[in-house]
Amino acid sequence: MKEKLLELKENFSKALESTSNTQQLKELENMYLGKKGLLKEILAGIKNLSNEDKKTIWVESNELKVFILKKLEWKSKEIEAQKFEEIVASEALDVTAEFPSKDLGHKHPITTATELLEDIFISLGFKIEDGPEIETDKLNFDMLNIPDNHPARDVWDTFWISDEINEDKELWEKYLLRTHTSPVQIRTMLKEELPIKIIVPGRVFRYEQEDARHTCNFYQLEWLVVGEGVTFGDLKWTLDTAMKSLLWEDTKTRFRPSIFPFTEPSAEVDVSCQICKGTGKIKEKKCSMCSATGWVELLGCGMVHPKVLTGCGIDPEKYSGFAFGMWIDRIAAQRFGVSSSRMFYQSKLKLNEQF
Ligand code: DAH
């Protein structure tokens, strides 16, 4: 019987070598270890042996069974690995292959304008910050000195996140789509050491009546500088320098006094309209970009309000700062001579491809 077991082992090993798929492995297992398999067949003769021999044959046949199972498992792994290699080889991509490409994609004008602005500000030593598009009421309004019931809240017609999310929350912790990039000022002042010198490009949302200058979703660039001895003069210098690099030599800027709850004093800055060259007219028709005024409002700015600084743990007696909020869409429209920034969102390839 011992010889039969040895023979079985040899035959099995040979048969295993010629298997090449899992189906064949299954068949082999059945053939050797199945209910009516070869091992069972040999063991059928065990009853005629002495007790002593029975024991050794049991042990040996068990070892053989373990041996067969192990070999089958290894082979199965080998087959899997080979299969995987074949897939890898057959699906390999040649990344160096050349395709005849006709229309290469290119950057959206708003991205181009944003990158232009980033370059200018990085060269002035600013750092780029980022913030979430879904913001809390506290950061979007409260900490910017716009408490609940403040009339300034009306200016920012707001998209609130659905009631289920906000239902059980106090007003200040409710979520909304940020109406401006200004909350990133707060986020930065709360976490960074002074002095701070940042810009924040980002997408903002308002429930707007759409026209040539207004869209429900647009892009802003926030600037913030906080440190010792920062003055309104620094604000003007930074603005002039940035505008000179960004727009054209003959661009005029004008400051108008304004009110923002988070700055004091505050101003709005207009540039002479690049579309109608400040005349308010295009071919005897009213310029829609500047509503025929010859000026386009580009940004709001001011000295950071002491209450905002205090709220972020900064002593307004010792430190001061200035901030800006700029409309990137309008910059892009001015820079590229597009008469309505709304056109940037209409997926008009003919328009976008020009820049
Ligand atoms: N957050 C204002 C808005 O969206 C714009 C703004 C005005 C930002 C003055 C500022 C600022 O940082 O100082 O209308």
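E222 falls short on exactly one of the conditions (1) among the charged types (D, E, K, R); (2) farther than 23 Å from P201 by Cα; (3) under 33 Å from the mean Cα position of the chain (by Cα), and that condition is (2). Of the residues in segment 208-229, not one is surrounded by 13 or more Cβ atoms within 10 Å (Cβ to Cβ), hydroxyl-bearing (S, T, Y), outside any helix (DSSP H, G or I) and out of contact with any Lys or Arg (no Cβ under 7 Å at 6 or more places or on another chain). Condition (residue is acidic (D, E), assigned to a strand (DSSP E or B) and under 33 Å from the mean Cα position of the chain (by Cα)) applied to segment 267-276: is it met by at least one residue? Yes: segment 267-276 contains one or more residues that are acidic (D, E), assigned to a strand (DSSP E or B) and under 33 Å from the mean Cα position of the chain (by Cα).
Is it the case, given these coordinates, that R206 is under 21 Å from L176 (Cβ atoms) and among the basic types (K, R)? For R206, the condition - under 21 Å from L176 (Cβ atoms) and among the basic types (K, R) - is met.
In segment 175-187, the qualifying residues are those that are within 12 Å of the ligand (Cβ to nearest atom) and either free of Cβ contacts under 8 Å to residues at least 60 places away in the same chain or of a type outside the set (S, T, Y) (or both), and the one that is surrounded by the most Cβ atoms within 10 Å (Cβ to Cβ) is Q185. Within segment 135-149, the residues that satisfy the criterion of being surrounded by 13 or more Cβ atoms within 10 Å (Cβ to Cβ) and not hydroxyl-bearing (S, T, Y) are E135, D137, K138, L139, N140, F141, D142, M143, L144, N145, I146, P147.
The set of residues in segment 84-114 that are surrounded by 12 or more Cβ atoms within 10 Å (Cβ to Cβ) and in a helix (DSSP H, G or I) comprises P109, I110, T111, T112, A113, T114. The residues of segment 194-207 that are away from the ligand (no atom under 12 Å from the Cβ) and either modelled with pLDDT under 95 or not assigned by TED's automatic domain parsing to the domain that holds M343 (or both) amount to a single one, Y207.
Residues in segment 277-293: is at least one polar (S, T, N, Q), touching a strand residue (DSSP E or B) at 6+ places or on another chain (Cβ under 6 Å) and surrounded by fewer than 22 Cβ atoms within 10 Å (Cβ to Cβ)? Looking for residues that are polar (S, T, N, Q), touching a strand residue (DSSP E or B) at 6+ places or on another chain (Cβ under 6 Å) and surrounded by fewer than 22 Cβ atoms within 10 Å (Cβ to Cβ), one finds none in segment 277-293, hence no.
If only residues of segment 317-355 that are modelled with pLDDT of 95 or more and within 15 Å of the ligand (Cβ to nearest atom) are counted, the one that is surrounded by the fewest Cβ atoms within 10 Å (Cβ to Cβ) is S320. For segment 217-242, the set of residues classified as closer than 21 Å to T114 by Cβ and without any contact (Cβ under 8 Å) to a residue 24 or more places away in the chain consists of D240 only.
If a residue has to be basic (K, R) and either more than 16 Å from the ligand (Cβ to nearest atom) or modelled with pLDDT of 95 or more (or both) to count, how many in segment 145-174 make the cut? Qualifying residue count for the region: 2. Of the residues making up segment 121-134, at least one is touching a Leu at 6+ places or on another chain (Cβ under 8 Å), in contact (Cβ under 8 Å) with a residue 12 or more places away in the chain and not in a helix (DSSP H, G or I).
Taken together, the criteria place N48 among residues that are modelled with pLDDT under 90 and not aliphatic (A, V, I, L, M). Within segment 154-174, residues that are free of Cβ contacts under 8 Å to residues at least 24 places away in the same chain have Cβ atoms under 7 Å from residues that are assigned to a helix (DSSP H, G or I) and surrounded by 13 or more Cβ atoms within 10 Å (Cβ to Cβ) in these pairs: W160/N166, counting only partners at least 6 apart in sequence or on another chain. Does I161 count as assigned by TED's automatic domain parsing to the domain that holds E135, under 24 Å from the mean Cα position of the chain (by Cα) and closer than 25 Å to M303 by Cβ? So I161 fails the test. Checked across segment 230-237, the condition of being over 26 Å from the mean Cα position of the chain (by Cα), part of a loop (DSSP other than H, G, I, E, B) and away from the ligand (no atom under 14 Å from the Cβ) holds for at least one residue.
The values are calculated or read from the model by the stated rules, or taken from the named source; none is laboratory data. The structure presented is a predicted model; accordingly, all values stated were derived computationally and were not measured. Reconstructed Cβ throughout: ideal geometry from the backbone, glycine too, with neighbour counts over all protein chains shown.
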